[in-house]
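Remarks on the structure that follows.
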Amino acid sequence: MCGNNMSAPLPAIVPAARRATAAVIFLHGLGDTGHGWAEAFAGIRIPHVKYICPHAPTMPVSLNMRMSMPSWFDIHGLSPDAEEDEGGIKRASENIKALIDQEVKNGIPSDRIILGGFSQGGALSLYTALTTQQKLAGVVALSCWLPLRNSFPQASAINVNKDIALLQCHGDCDPLVPFMFGHQTAEKMKTLINPANVTFKSYRGLPHSASVCCHNRYVACSIT
């Protein structure tokens with residue numbers, strides 16, 4: 001799959017230990033790949049769940065002086081008023097939707113698929129959940145933000161995932177994506193989906209990193 005008309009390797013996959021009846025699609029952060037997340041999930045996997053960790057295509061990133069690295073879309077800055085790569089975000093989201101569609105064709109209903117991600121990958125997972133026509137089981141968004149947040153007041157009215165369960169986690173010492181951004185994102189999400197289904201967890205002293213164990217407990221509750 002590819003994010004912006006650039007090729008990327010096939011996803012890293014952790015197959016279910018028995019017949020797969022559910023799936024997790026998890027998107028890595030800027031400059032990373034899906035391999036590390038796949039290795040983490042392999043150590044704590046749930047037997048009936050298939051874990052899919054795609055790799056972002058390599059592209060120049062404005063935030064990092066146009067250096068080429070794995071990235072789902074371009075990032076111009078991390079301030080609330082920074083310019084956003086609208087076209088790139090939408091193209092990347094369409095490719096994630098295609099990946100969801102492929103798993104449905106493989107026999108896993110969309111409402112037994114959890115979409116998640118860390119940092120830039122978490123941002124893309126939130127945007128995709130709000131714009132897909134496939135009903136999902138849930139979303140896990142770690143240390144991230146909602147891209148194109150001002151475009152959603154009308155889109156939310158037709159969102160098939162308005163009752164989706166969302167777990168959002170953020171460290172209060174995150175120097176890259178400030179904790180305030182995560183908290184503001186959670187408040188925004190409460191206006192777009194059922195606020196009773198939004199869970200925001202803060203982690204004291206945690207920088208820009210994640211706990212896979214926390215994510216896996218959520219998976220177990222959502223698609224048992």
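The values are calculated or read from the model by the stated rules, or taken from the named source; none is laboratory data. Model, not experiment: these values are computed from the prediction. Don't worry about glycine lacking a Cβ; one is built from the backbone with ideal geometry, like all the others, and counts go over all protein chains shown. Side chains are part of the model used for accessible areas, which takes the heavy atoms of the whole protein and leaves out ligands, DNA and RNA. Shrake-Rupley method; radii C 1.70, N 1.55, O 1.52, S 1.80 Å.
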Taking a threshold of 25 Å on the Cα-Cα distance, which of the pairs LYS50/LYS188; LYS135/LYS190; LYS97/LYS201; LYS50/LYS135 fall above it? LYS50/LYS188; LYS97/LYS201
With all protein chains present, how much of the accessible area of the range 40-99 (probe radius 1.4 Å) comes from carbon and sulfur, to the nearest whole percent? 54
For the range 18-35, just list the computed ³J(HN,Hα) in residue order, Karplus coefficients 6.51, -1.76 and 1.60, θ = phi - 60°, integers in Hz, with x standing in for Gly and Pro. 10, 4, 6, 10, 7, 8, 10, 10, 10, 9, 6, x, 4, x, 9, 9, x, 4
Counting heavy atoms of the protein chains only and a 1.4 Å probe, report the per residue accessible area for the chain as a whole number of Å². 44
Please list, ordered by chain and number, the residues whose modelled amide H lies under 5 Å from the amide H of TYR203; skip anything fewer than 5 residues away on the same chain. HIS170, GLY171, ASP172
Whole-Hz couplings from phi, Karplus 6.51/-1.76/1.60, listed for the range 114-119; x for Gly and Pro: 9, 9, x, x, 10, 6
Inter-part distance where the range 39-84 and the range 134-148 are each reduced to a Cα centre, Å: 13
How big is the charge dipole of the chain about its Cα centre, in debye rounded to the nearest 20, if each Lys and Arg gets +1 on its Cβ and each Asp and Glu gets -1 on its Cβ? 780
On a 1.4 Å probe surface of the protein chains, which of MET67, MET59 comes out largest in accessible area, and what is the full order? MET67, MET59
Relative contact order for the range 156-210, counting Cα pairs under 8 Å that sit 6 or more residues apart, in percent: 50
